[in-house]
Amino acid sequence: MIPLEFFNELQKSINLFKPETALIATFIVALIADLIFRKSKNVSGVIALLGFVITGIFLCGQHDTSTAAFSKMLAIDPFAVYFKWIILISSFIVVVISFFAKELYDSHPRLGEYFSLIVGMSVGMFLLVGATNLILVYLAIETMSISSYILTGYTKEIRRASEASLKYVIFGAISSGIMIYGISILFGLTGSLNLYDINLAITQGGIGLFPLLISSMMIIAGFAYKISAVPFHFWTPDVYEGAPVSITAYLSVASKAAGFAILIRFIKITFIDSHLTLTGSWMFVGNIDWHFVIAVISVLTMTLGNLLALWQTNVKRILAYSSIAHAGYMLMGVAVMTDGGVSSVLTYFFFYLLMNLGAFFVVMLFANKIGSEEIDDYTGIGFRAPILAICLAIFLVSLTGLPPTAGFIGKMALFFAVIKSGYIWLAVVGVLNSVVSLVYYAKIFRNMFLRGVDAPREKLSFSPVSVILLLIITIPTLLFGVYFQPILDWANKSVVMLLGK
């Protein structure tokens, strides 16, 4: 006979699983609607947007929740909820801007699968940010990865899209293989796949340091692949350039957010002594200096990303390498291993969502008109499309980290957290890299506003809806550069209530 406790636990877990259930239902309904309404390209997209709204309503009820579901396989806590909001907002914006993607509508008679796969990818990311069991971590990563592989090559008629998708699959398969092998080693060492039980086994001692380090690095390599950290970044430039602009934007924000969420949760739960974190500083078990390991990855990631971006002539590739560099900045907050450091990462991610999605949206709108993403073709575009050019300039200034934009607040939060923890050298490296990033962003400024000024060219016209949507993203980028306290408070609360044992 099945005990009553099982049914009570199942009922509790199902109630906690409402946001994910809403997304799964949205995925199914969007696919069915595409089969029924064959002549409509946008019906699945509209259903996806409605599904995201319903998911958001369910998510609002979980802000003060801190518990586990499905036998401690899935954490429902403010930390997970914060990243779910990042993913949900990103998914909503990406679906909306996809309605303006000329490359999608010109090459496909139907787009039902496209919008459905975005929903399916968001399901995998929702599971990943709360996963506390390594098998669920792996399944969640594969769920989001399969959808992203297909979306990357969705415009298969374009050669670079097929090439990007193939490279993405190959690198993804290698990283998944490395990660699952690391999981198997860690399971052999500790006898468990649950992160809390693994922490207990490490705390009790008797586990070899070398195999623990090797298995942990293999698992972290899988997460590093998702956040485009060096040396697992090789796929990023080609995939970002070849994928549809909307999917490039999605990968640069939502996929990266999910990767950072599971990286932080894995380190926090597995390697931290929960009895010694009252001051906000994380004390490690297992005698592995994770401060140094993550700090080295951070420095390599931001430096390589910025230096390689200097030589690029394609705007999408510039933003791709910029995305790698930003992963390096955010890893600074992870490296210091404090609640303040993680809070700064959460804060930065919210602002990064706005400025990066906005920048890619402008690139998409320009590509619709001029049919190119090369910097040379942006010559004089500031006078042909002044509103869009100014918006792009604001996003690039924010990505650089200059006032009065949200990006400045995000970087200041990161640098203050790093300096407060005593890692002044790491903050100095971050500032120097920010200066380097200004150089390649300035190339775009120069071509838009300083070149081709006298050349007679026709004005570029855009639909009022697309311009309004762009302004909706641009205004908060400036607003949060001045009024940012609510986001800081939300991020601080999400870290403080991070699920314990």
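Could you work out the relative contact order of the chain? I mean the mean sequence separation of Cα pairs under 8 Å and 6+ apart, divided by the number of residues, in percent. Numbers along the way, then the final one.
Details: 822 pairs, mean separation 73.9, N = 501.
Contact order relative to length: 15 percent.
Residues whose amide H comes within less than 5 Å of that of N42, counting only those at least five positions distant or on another chain, are absent (H built at 1.01 Å from N in the peptide plane).
Close amide H partners of I272, meaning residues 5 or more places away or on another chain with modelled amide H under 5 Å apart, are V285.
If the cut-off is a Cα-Cα distance under 22 Å, which lysines reach K167, setting aside same-chain residues fewer than 8 apart in sequence? Output for K167: K156, K226, K256, K316.
For R160 and L307, calculate 0.36 nm times their separation in residues minus their Cα-Cα distance, and state this gained length in nm to one decimal.
Working: separation 147, 0.36 × 147 = 52.92 nm, distance 2.38 nm.
Result for the pair: 50.5 nm of gain on full extension.
Please find the FRET efficiency linking K12 to T203, where r is the Cβ-Cβ separation and R0 is fixed at 25 Å, and quote it to the nearest 0.05. Plugging the Cβ-Cβ distance into 1/(1 + (r/R0)^6) gives 0.35. Using alpha-carbon pairs under 8 Å, 6+ residues apart, how would you state the relative contact order of the range 42-132 in percent? The value is 40 percent. Between the helical axis of 339-370 and the longest alpha-carbon principal axis of the chain there is an angle of about 30 degrees.
Show me the trypsin sites (Lys or Arg not before Pro) within the range 1-80 that DSSP assigns to loop and that have at most 12 other Cβ atoms within 10 Å of their Cβ. Those satisfying the criteria are R38, K39.
Annotation: extensible slack from I57 through F234 equals 59.9 nm (criterion: 0.36 nm per residue apart, minus Cα-Cα distance).
In order along the range 204-221, the Karplus-derived 3J(HN,Hα) couplings, from 6.51 cos²θ - 1.76 cosθ + 1.60 at θ = phi - 60°, round to 6, x, x, 9, x, 5, 5, x, 5, 5, 4, 5, 5, 5, 5, 5, 5, 4 Hz, and Gly and Pro are given as x. Computed from backbone phi with θ = phi - 60° and the Karplus coefficients 6.51, -1.76 and 1.60, the 3J(HN,Hα) list for the range 469-485 is 4, 4, 5, 4, 7, 6, 4, x, 4, 7, 4, 6, x, 10, 10, 10, 4 Hz; x is used for glycine and proline.
Which order do the peptides 325-338, 191-204 come out in when sorted by mean C-beta neighbours inside 10 angstrom, highest first? Can you show the working numbers first?
Details: 325-338: 26.4, 191-204: 18.1.
The peptides rank, most packed first, as 325-338, 191-204.
Between K493 and V439, the FRET efficiency from the beta-carbon distance, with R0 = 30 Å, is close to 0.20.
Amide H contacts of L74: A69, T132, each under 5 Å away and 5 or more positions distant or on a separate chain (H built 1.01 Å from N in the peptide plane; Pro and chain starts excluded). Taking packing as the residue-averaged number of other Cβ atoms within 10 angstrom, the listed peptides 56-69, 294-307 run from highest to lowest as 294-307, 56-69.
Length gained on full extension, F292 to W425: 46.7 nm, using 0.36 nm per residue less the C-alpha separation. Coupling constants for the range 29-37 follow from the phi torsions by the Karplus curve (6.51 cos²θ - 1.76 cosθ + 1.60, θ = phi - 60°), and in residue order they are 5, 5, 5, 5, 4, 5, 6, 7, 9 Hz; glycine and proline get x.
Set the Förster radius R0 to 35 Å, insert the Cβ-Cβ distance between I28 and E5 as r into 1/(1 + (r/R0)^6), and round the FRET efficiency to 0.05.
Numbers: r = 31 Å, r/R0 = 0.89.
Step by step, r from the Cβ atoms, then E = 0.65.
Electrostatic bookkeeping for S71 treats Lys and Arg as +1 and Asp and Glu as -1; over the other residues with beta carbon under 12 Å from its beta carbon, the sum is -1.
In this label model, K72 and L402 are separated by 5.1 nm, measuring between points 7 Å along each Cα→Cβ vector. From a point 7 Å beyond the Cα of V465 in the direction of its Cβ, which residues of the range 77-102 have a backbone N at a distance under 18 Å? Counting backbone N atoms under 18 Å from the label point, the list is 92-102. Over the residues of the chain, the helix contribution to mean residue ellipticity at 222 nm works out to -24000 deg cm²/dmol, using -39500 (n - 2.57) for each DSSP H run of at least 4.
Computed from the coordinates by the stated procedures, all read-outs in this text should not be read as laboratory data. For clarity, every value in this text was computed on a predicted model and none was experimentally measured. Please note: Cβ atoms are built from the backbone with ideal geometry, for glycine as well, and neighbour counts cover all protein chains shown.
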